[in-house]
1. If the requirement is being modelled with pLDDT under 80, over 30 Å from Ala500 (Cα atoms) and in a strand (DSSP E or B), which of these qualifies: Gln321, Gln336?
2. Within the range 32-46, identify whether any single residue is in a loop (DSSP other than H, G, I, E, B) and among the acidic types (Asp, Glu), and answer yes or no.
3. Tell me, which strands (runs of 3 or more DSSP E) wholly within the range 389-475 include 3 or more residues that are within 18 Å of Asp202 (Cα to Cα)?
4. Select from the range 442-467 the residues that are under 14 Å from Leu406 (Cβ atoms) and small (Gly, Ala, Ser) and write down the one among them that is surrounded by the most Cβ atoms within 10 Å (Cβ to Cβ).
5. If Phe389 passes every condition in (1) in contact with a Lys or Arg (Cβ under 9 Å, 6 or more places away or on another chain); (2) modelled with pLDDT of 70 or more but one, which one does it miss?
6. Within the range 361-386, track down each residue that is of a type in the set (Asp, Glu) and either under 60 Å from the mean Cα position of the chain (by Cα) or modelled with pLDDT under 80 (or both).
7. If you take the residues of the range 468-480 that are free of Cβ contacts under 8 Å to residues at least 60 places away in the same chain and out of contact with any Ser or Thr (no Cβ under 9 Å at 6 or more places or on another chain), which of them is surrounded by the most Cβ atoms within 10 Å (Cβ to Cβ)?
8. Give the residue that is surrounded by the fewest Cβ atoms within 10 Å (Cβ to Cβ), with candidates limited to residues of the range 424-434 that are out of contact with any Ser or Thr (no Cβ under 7 Å at 6 or more places or on another chain) and under 25 Å from Pro408 (Cα atoms).
Amino acid sequence: MSLQSDLHAAVAQVTADGTKLHQIVHGDALSTVTTEGGLVKTLAKAIADSEANIAASRAELDQKLADAAESASTAAGFADAAGTSASDAAAHAAKIPDPAFANAHMSVRVNGAGTAYEFALGGGDVAGPASATDNDLVRFDGASGKLLKSGGKIQAADIASGVLGTAAALDAASGGTGGLLRADGNGSGLTGIIIADQTARDQIAASNLRLLLATNVSSGALIQGYQWEFASDEWGASSANETLATTDPALVSGTVGTVYGTVGGGAYCFDGDISTTNSPWSGSNGKTLGKVWATGKRISTIRLKTKSALSICGNNGSSFQATVYGIPVGGGTPVQLGDTGVASLPALSSYDITGLDNGTVYGTHYILWSNLGNAELSLSEMEFYEIQFPTPGYYYNSGGVNMTLLPPSPVAIPSPPSYMVAYFLWKDDSGNAVLGTDLTVELSRNNGAEWGVATDLTNIAGFDGSYLIVKARANVSAQPSGAEMKVRINTLNGKVQRIAAPALYAE
């Protein structure tokens with residue numbers, strides 16, 4: 001680029017800048033000029049804007065001066081009012097005396113003259129009757145409307161009738177484990193909280209007794225309780241008049257039942273006199289001899305007996321056969337129960353025909369004699385042996401005597417119980433025994449040193465169609481402290497009863 005060109009560019013720039021400066025200096029009061037640094041007000045516009053700001057500030061200052069003048073006037077009014085109030089307070093203060101209190105109960109009041117008065121102390125807040133006593137209640141007299149100091153003490157009838165409101169919880173019981181408050185209006189307390197659910201416990205005991213017996217378990221522990229053996233040691237030597245029912249057959253008295261059969265003179269075989277021998281029985285072959293029972297029996301053994309000097313078969317070594325039959329109760333076809341087979345009988349004075357019981361009760365049992373040949377029977381007695389108790393392990397009082405059952409040893413537990421419960425199986429053979437009258441139960445927590453009678457004696461369930469599960473519960477908290485449980489069961493008034501499977505619970 002030449003020097004001339006540079007000079008022309010510089011002149012053009014100076015010309016442009018001069019034009020903008022002219023616009024800024026000579027422009028109107030509303031315009032702005034665009035420059036490389038931004039918008040610039042014209043001189044006239046800058047002067048106009050400044051004058052406008054000054055005018056606005058002057059107006060604001062005038063308003064503030066006016067407000068200040070008004071505030072000063074208001075303050076002057078408040079000062080006048082304060083002066084008036086101060087004058088009034090001074091006037092009233094002149095009327096308030098400086099009292100001197102003679103005691104803590106003196107009070108002061110001011111009348112218009114400024115005189116002070118004191119309240120005189122009385123002899124009591126309320127006037128009561130001459131019979132007023134300490135700790136009595138204050139209550140209103142409904143007749144006079146007076147407030148009486150000695151209104152008397154609250155009576156149970158007041159609570160029960162609602163005079164003093166609804167019945168409230170009263171005094172707590174003492175001396176009992178876990179005493180309770182009871183709101184029954186008489187002030188008595190409950191003792192011995194029964195935590196266990198008795199219904200659930202009864203069901204547990206009944207279910208477990210059934211299970212153990214049904215599965216032929218001879219012994220075992222019940223839930224939350226203890227159980228003795230079901231065998232002969234279930235009751236100890238301290239018991240009285242008890243008889244253990246077993247599967248051993250028992251002799252039926254010769255006076256029971258009616259003679260049945262075709263043998264002449266058969267009644268002599270049931271008179272209990274072995275010295276009288278019905279011999280010889282000529283023509284006994286094919287004849288019968290037995291008994292008809294009034295209520296039916298289960299016979300397991302028939303015993304043939306004669307005098308020791310004789311043999312049952314008159315001819316020693318003779319053969320014979322005895323077949324036993326049973327006729328159902330009420331009649332029907334005879335059922336063969338067993339036989340001897342053809343037997344060669346030596347010189348025996350007693351002979352047993354066994355294995356006759358098939359689990360059925362029959363109204364008649366008899367023997368059919370056969371295969372005697374020329375032999376003749378020489379028979380003094382025919383004895384029947386019945387099964388009394390198909391299930392062993394039950395105790396009963398034979399002959400109707402009163403029975404007392406006690407275990408051979410106590411059941412030890414960790415701590416003394418407040419209540420004890422016994423469960424056992426019971427059957428009333430008399431047909432009219434009453435729980436609590438003909439059967440009583442006593443419980444002890446100190447190995448029999450003291451006993452508590454079970455007042456809660458109830459039948460809770462049946463077992464096998466003939467026995468009942470009995471529950472006996474007693475409060476033993478008053479007994480000397482002990483943790484060895486025992487039960488004592490008594491049958492009374494000669495009522496024949498059966499007992500089995502005792503179990504004890506501690507509460």
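The values are calculated or read from the model by the stated rules, or taken from the named source; none is laboratory data. Bear in mind the structure is a predicted one, so any value in this text is a computation, not a measurement. Backbone-built Cβ (ideal geometry, glycine too); neighbour counts: all protein chains shown.
1. Gln321
2. Yes, the conditions are met somewhere in the range 32-46.
3. Those strands (runs of 3 or more DSSP E) span 419-428, 456-463, 467-475.
4. Ser444
5. All conditions are met except number (2).
6. Answer for the range 361-386, where residues must be of a type in the set (Asp, Glu) and either under 60 Å from the mean Cα position of the chain (by Cα) or modelled with pLDDT under 80 (or both): Glu376, Glu383, Glu386.
7. Among them, the one singled out is Leu468.
8. Asp428
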